1. I want to check the label-to-label distance for residue 161 and residue 88. Put each point 7 Å from Cα in the C-beta direction and report it in nm to one decimal.
2. Given the -39500 (n - 2.57) contribution per DSSP H run of 4+ residues, what per-residue ellipticity at 222 nm results for the chain, rounded to the nearest 500 deg cm²/dmol?
3. Compute the relative contact order of the range 71-160 as a whole-number percentage, counting only Cα pairs closer than 8 Å that sit 6 or more residues apart in sequence.
4. Can you tell me how the range 196-246 classifies by the Cα gyration tensor, rounded, prolate or oblate, using a/c under 1.5 as the rounded cut?
5. Would you mind giving the three semi-axes, in whole Å and largest first, of the ellipsoid equivalent to the range 9-91 according to its Cα gyration tensor?
6. For the chain, set up a Gaussian network in which alpha carbons nearer than 10 Å are linked by springs, and say which option among 73, 223, 37 fluctuates the most.
7. Subtracting the Cα-Cα distance from 0.36 nm times the residue separation, let me have the gained length for residue 227 to residue 255 in nm, one decimal.
8. Would you mind listing how long the range 2-267 runs along its three principal axes, going by Cα atoms, in whole Å with the largest first?
Amino acid sequence: MNEATAPDRPFAAGMYDYLLGGTANTAVDRATVEQMLTVLPEMRQGAWANRGFLQRAVARMAGEWNINQFIDLGAGLPTQRHTHEVVRELRPDGRVVYVDIDPMVIERGRTLLADEAGTDVLEADVRDAERVLTAPETRALIDFDQPVGLLMVAITHFVLDKDDPWGLVRRYVDAVPPGSYLAISAPTADKQSARIRDAMLAGLAKTPTPAVERSLEEFSRFLDGLEIVPPYPGAEPAVAHIGQWGAEDPVAADDDGSRWWYAAVARKPS
Ligand code: SAM
């Protein structure tokens, strides 16, 4: 648990869990979020819109594009209708490896998934792609000769430019065969004032995983060489805001929290 390992420090996973109404968070996670909410009231909307994007993207991958194995990078807690639950509704044989750096997420995740065959939790830094891709937990569940759903949802902002996030995404994409899909979301400062951006980054700077925000141009580079899926019916293949992606009413779904985040799903071509 966070309380035991770092009682005086917030963790991104616990803060996100608190925003989603979960109980796997500490007093310092809650206090940090509450303080950020006074400046950034739309942060809770943003967390829900992001989780909704993940759920809609996974449902399309599993239901429409026949993907039945997923690597969920920077997964957070496997609660609040997380990847394996969405996959299992459509593909009872679906397999999911959750990867996270936070020991609390790993401990809780292992307990929660103990009876869920076809799932596992890997404690790893996603920046070490080689380790993630070769770990026994990954190799036991993922067949790299078959299409894979790569989930990089709300994780690349924890990879600073000095760690080459674009090269990192490429390493994961290179490891999976054509026909695989990447779902990716990341916060942006494009639609925010500097005051809002600074408050968000200051909150995450208190955690062991500081973050950055990226422009549309920087986000789009994650998708180089991939075929972007139109985010909703009638749309061009393009990056959208998280609330819009897969939404029945993309205009209504694009609330203040949604506009903080870019999202895309893209296919690795043959
Ligand atoms: N992907 C989930 C979603 O979007 O619903 C959860 C996102 S949560 C905001 C970010 C997660 O990334 C946290 O659980 C945090 O511990 C994890 N994380 C941050 N940096 C990481 C790293 N370098 N390696 C692995 N996990 C990391």
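1. Once both label points are built, they end up 4.3 nm from each other.
2. The helix contribution divided over the chain gives -11000 deg cm²/dmol.
3. That works out to 34 percent.
4. The shape class here is prolate.
5. So the equivalent ellipsoid measures 28, 13, 9 Å along its semi-axes.
6. Among 73, 223, 37, the largest GNM mean-square fluctuation belongs to 37.
7. 7.4 nm
8. Principal axes ranked by extent give 47, 45, 35 Å for the Cα atoms.
The numbers here are math on the coordinates, done by the rules we state, and not lab data. All of these numbers come straight from a predicted model, not from anything done at the bench. Because the Cβ atoms are built from the backbone with ideal geometry, glycine has one as well, and the counts that use them run over all protein chains shown.
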